[in-house]
Amino acid sequence: MTKKVYFNHDGGVDDLVSLLLLTQMEDVEVIGVSVIPADCYLVPAVSASRKIIDRFGKYDIEVAQSDSRGKNPFPADWRMHAWYVDALPILNEQKEVKTPLASQPAHLHMIEKIRENQDKTTLLFTGPLTDLARALDAAPDIEEKIEKLVWMGGTFLQEGNVHEPEHDGTAEWNAFWDPQAAARVWESDIEVDMIALESTNQVPLTIDVRDRWASLRKYPAIDFVGQCYAMVPPLVHFVTNSTYFLWDVLTTAFIGKPELVKQKTVKSIVHTDGPSQGRTEESEQGRSAQLVYDVCADDFFDYIIELLKKHSE
Ligand code: AGV
Ligand code: CA
C-alpha cells in the first residue's frame, strides 16, 4: 500500500536531500511539503524545495511556508546553506518555477492535507516540531488521522549537539530550537518514531561516502547529492561541532525502508526551560517513543544510491 506522507523540513542540506529521496520512493505519495525557517532562511529553502520537485519529482506537490518562530535561533552560517543549494546550476536550468506555493502557512496547510486525505497520514519532520504543535492546538481532530510521526530530533546521550551559552549541552538542536513544541507533541497520543543522535552517529558524512557519490555523478540525482554535501564539513579525524551526519536522510530512508534500523521503546520527558532546555530525558513517568538505536550503515548508503540511480533523465 502507498504511504501518504506530509513532509515538514527546515531547509538544511540534508533536509533538501531528504526531499529529493522522498519524491523518488515508489510506495510513498507526498501529499504536501512545508518549510520552517529554523536551520535555514525561508526564501531560499522554499525556492530550493520547489525547484527540487520541479527537477526530480514525478507528480505535483505544493510547498507551504511556515510563519513559526523558535525560542533558540540556529547559527546564521548554518542557515546560509539553503542559499547555496538554491543556486546550484542543476536546479536552475529552467527559468520558471512550476511547483505551486501554498496560500496558507505551514501548520494550516498540513491540517488541510491531513483532513483531505481519506487514509491516515504519516508525518515526516526533519526540523523542530513547532508547526505540528500549532496544528494540534488549532485542530485537535487531526490527531486521530495521523498514522505516526517520524521525527529527526532529540537524544538520550549525555552529550547532545547544542553548544550555546547558558546551555549544558544535553540537547539536540531540533528539540532545542523550540522545546515547548516538542513537549506539546509529547503530550499527544501520536505514535512517535525518533531518529535521535544515537541513531545517526553511525552515518557520518565521510570522504569515502563523498567519493562514492562522485564516481556515480553521471546519474543527475546522485550528482545533486554530491554537490549538496560538498557544502558541509565531513568527519575526518574527529567529530567537531560542525561535522555533518546524515541525520535527516536516515530519517527519510527509514520511511522507505524500515528494515535498515533497529528500534526499542523508550519513555521520556522534554525539558522546556533552564540550562537543559530541549533535552529529551529517559523517565518512567514520560511518554513512549520508538527510538532507532542501531543502523545498518552499508545498506543505508546502498539504498540511497539505488533509489537515485532509478532517476535517469
Ligand atoms: O541536529 C541535527 C539537525 C538535522 O535536522 N540539524 C541539521 C539536520 O538537518 C541541526 C544541526 C546540528 N548540527 C548542525 C546542524 C551542523 N553542524 N550544521 C548544520 N545543522
Ligand atoms: Ca533538519
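The values are calculated or read from the model by the stated rules, or taken from the named source; none is laboratory data. What you see is a predicted model, and the numbers here were worked out from it, not measured in a lab. So basically every Cβ, Gly included, is an ideal-geometry build from the backbone, and we count neighbours across all protein chains shown. Ligands, DNA and RNA are stripped out before the accessible areas are found, and what is left, the full protein with its side chains, is counted by its heavy atoms. Shrake-Rupley method; radii C 1.70, N 1.55, O 1.52, S 1.80 Å.
Structural remarks
- ARG212-TYR59 FRET efficiency (beta carbon distance; Förster radius 25 Å; 0.05 resolution): 0.30
- Restricting segment 79-162 to trypsin sites (Lys or Arg not before Pro) that sit in a DSSP loop and have at most 14 other Cβ atoms within 10 Å of their own Cβ leaves LYS95, LYS98, LYS120.
- Once C-alpha pairs closer than 8 Å and six or more residues apart are averaged by separation and normalised to the residue number of the chain, the relative contact order reads 18 percent.
- Here r is the Cβ-Cβ distance between ILE305 and GLU96 and R0 is 22 Å; the resulting FRET efficiency, rounded to 0.05, is 0.10.
- Here is the list for segment 111-198: GluC sites (Glu not before Pro) lying in DSSP coil, each with at most 16 other C-beta atoms within 10 angstrom of its C-beta, are GLU159, GLU166, GLU191.
- Spatially, segment 1-58 and segment 170-213 are offset by 17 Å when compared through their Cα centroids.
- Antiparallel bridges, percent of DSSP beta bridges restricted to the chain (to nearest 5): 30
- For the chain: rounded, prolate or oblate by the Cα gyration tensor [a/c cutoff 1.5]: rounded
- The shape of segment 157-287 comes out prolate: with a ≥ b ≥ c from the C-alpha gyration tensor, a/c is at least 1.5 and a/b beats b/c.
- What the Kirkwood sum gives for segment 231-313 is a hydrodynamic radius of 15.6 Å, with every pair of different alpha carbons counted.
- Value at 222 nm in deg cm²/dmol, rounded to 500, when DSSP H runs of n ≥ 4 in the chain each add -39,500 (n - 2.57): -10500 deg cm²/dmol
- From phi via Karplus (6.51, -1.76, 1.60), per-residue ³J(HN,Hα) for segment 208-225 in Hz, x at Gly/Pro: 4, 4, 4, 4, 5, 4, 4, 5, 10, 6, 5, 8, x, 5, 6, 4, 4, 4
- Neighbour cut-off at most 11 other Cβ (10 Å), DSSP loop, chymotrypsin sites (Phe, Trp or Tyr not before Pro), segment 206-277: PHE238
- Accessible heavy-atom area order of HIS81, HIS9, highest first, probe of 1.4 Å: HIS81, HIS9
- Residue among PRO165, PRO140, PRO179 with the largest mean-square fluctuation in a Gaussian network model of the chain, springs linking Cα atoms under 10 Å: PRO165
- Cα shape, segment 17-171, gyration tensor, a/c 1.5 rule: oblate
- ALA297-SER103 FRET efficiency (beta carbon distance; Förster radius 45 Å; 0.05 resolution): 0.60
- Protection proxy ranking, highest mean first, for peptides 200-209, 69-78: 200-209, 69-78, where packing is the per-residue count of other beta-carbon atoms within 10 Å, averaged.
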